[in-house]
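Right, one structure below, let's go through it.
The values are calculated or read from the model by the stated rules, or taken from the named source; none is laboratory data. Note that this is a predicted model, so its numbers are computed, not measured. In this analysis, Cβ positions are derived from the backbone assuming ideal geometry, glycine residues included, and neighbour counts consider all displayed protein chains.
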Amino acid sequence: MTRSKMHGPGRLLVVEDNKVNRILLQRGLEQEGHAVTAAANGKEALELLQRQPFDIVLLDIEMPEMNGFEVLKACLGDTRLREIPIIITSASDEIDSVVKCIEMGADDYLRKPLNPVLLRARVNASLEKKRLRDEQRRLFDTLATSEVADELLKEGFALGGKHVEASVLFCDIRSFTSMAESQDPSETMELLNTYFTLIFEPIKEHGGIVNQIVGDGIMAIFGAPIPRADHREQAVLAAIEMLGLLKDFNQEQKLRGKLQIEIGIGIAAGRVIAGFTGTQERAIFTCIGDTVNLASRIQNHTKIAGKPLLIDENARQGLAENFQIELLDSITFRGKSQPVAVFSVNY
Amino acid sequence: MAHETAIDPKIFQELKALVGADFIGELIETFFEEAPVIIKRLEEAHQANNPEVFRRNAHSLKSNAASFGAKRLSEQAKALEMLGRSGELGQTGDSIKLLSIEYKRVAEELKRLRHDSK
């Protein structure tokens, strides 16, 4: 019984110094419908890997000059190349070398002489693995910088949290509901999507991760999961950029006689509990704690204050002299006993 | 009395299935180019007492022979590879000659099989 081909063609790199083996493997894989490039040595292989995308590398361990171990190490040490599954090809008496490679991080191995059935099975398994990794990365890249995505993909995630110092940013569209009611729903969605596109970029660029979208509101975190000492400054810079982009957008909207968006941003910094919450099947990265609540309250206060960007004392302390900051008020938020100093950032 | 062929037909057929009947000729041709060079290098390495070069060449030949199903040739190459690994090349002169003879048998068999493929 043959299984139907579940996978489309892949882009394969064969690294093999022995000519007969090299053309044998290349041809065998091409017969399966894959696009195959062959390299005769490790150096050539690494050059190709830098220039073109590949889905799988089939790597011979035993090669003169740069041997398989060195190629493997180079791939695993490169953030981009690390995600490409590597299948080690070896002669049957090299089991020690194979084990060493697998321990280093190679994904699979094939014994030479190659069995066509096993070759097909292993290649398909690795293609599947690659596709899942690509999808995962796409998901992460939409919400976080590639730096954060790299970290998450490398370390995986464990449910549970830890105390970290972070800045939390909340952003809402002012009077969104009434705006939505006055428009065609499809226009509202289009506006919303444009708005998201505009504000996600500055957050990403400043090392933040958007962890929640609730209606028109978003919550972003700076300084977690990857800690950075300047999270306060990055959060405020991101906010200033968001406002700048919105300003340009609004000018264009005005020219077209369309609705403009006003936003309110609140930032608070301090200790949070950060981590993945939910279940193994469905989890999000989030922060909880007083700092988060405060950021949300401060964001809400932008309506009352009539200022688009408000921050707390802790956030203010992370800013250099060149920021224009004005003490707005000392506010006792509902449910709190102590007043909190709130600052407006002019941009 | 039937004598053991130099090529295991089952393995050869698998190889043919893997690369396609229209490519097997090219593969065999490549082997005919590479193998004599390897054997020559084995002789040279033996003369120069260079175990590493000896080992690497024996390893290559072992691998290629196995791909075609040339089991005896592959075993002989494997034995030479082990000697190369041990560093003791003193006794290998005759073994290389025997290997060379076996290669000729293999080549004859491959020519026949290639012809049958056409």
Positions within the stretch A:182-235 being among the charged types (D, E, K, R), buried (at least 20 other Cβ atoms within 10 Å of the Cβ) and at pLDDT below 85, in sequence order: A:Asp216
Candidate set: the stretch A:326-346, residues that are hydrophobic (A, V, I, L, M, F, W, C) and touching a residue at least 24 places away in the same chain (Cβ under 8 Å); chosen: the one surrounded by the most Cβ atoms within 10 Å (Cβ to Cβ): A:Val342
Pick from the stretch A:99-121, criterion under 24 Å from A:Pro9 (Cα atoms) and part of a helix (DSSP H, G or I), ranking: farthest from the other protein chains (Cβ to nearest Cβ): A:Ala121
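Output the residue which, of all residues in the stretch A:59-84 that are within 14 Å of another protein chain (Cβ to nearest Cβ) and not in a helix (DSSP H, G or I), is surrounded by the most Cβ atoms within 10 Å (Cβ to Cβ).
Among them, the one singled out is A:Asp60.
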Candidate set from the stretch A:283-309 (those that are over 29 Å from A:Gly161 (Cα atoms) and of a type in the set (Val, Ile, Thr)); member that is farthest from the chain's Cα centre (by Cα): A:Ile304
Residue check for A:Ala238: in contact (Cβ under 8 Å) with a residue 24 or more places away in the chain and either out of contact with any strand residue (DSSP E or B) (no Cβ under 7 Å at 6 or more places or on another chain) or surrounded by 14 or more Cβ atoms within 10 Å (Cβ to Cβ) (or both): yes
When residues of the stretch B:40-51 are limited to those that are of a type outside the set (Lys, Arg) and within 14 Å of another protein chain (Cβ to nearest Cβ), the one surrounded by the fewest Cβ atoms within 10 Å (Cβ to Cβ): B:Asn50
Extreme residue, nearest to the other protein chains (Cβ to nearest Cβ), among residues of the stretch B:11-31 that are of a type in the set (A, V, I, L, M, F, W, C) and exposed (fewer than 15 other Cβ atoms within 10 Å of the Cβ): B:Ala17
Pair list, Cβ < 6 Å and 6+ apart or interchain, from the stretch A:265-287 residues that are under 29 Å from A:Ile240 (Cβ atoms) to residues that are at pLDDT below 75 and among the hydrophobic types (A, V, I, L, M, F, W, C): A:Phe285/A:Phe276
Qualifying position, being closer than 26 Å to B:Leu15 by Cα and more than 9 Å from chain A (Cβ to nearest Cβ), among B:Arg85, B:Arg72: B:Arg72
Scan of the stretch A:115-133 for residues that are surrounded by fewer than 15 Cβ atoms within 10 Å (Cβ to Cβ) and either in contact with a helix residue (DSSP H, G or I) (Cβ under 8 Å, 6 or more places away or on another chain) or farther than 17 Å from B:Leu15 by Cβ (or both), ordered by number: A:Ala121, A:Glu128, A:Arg131, A:Leu132
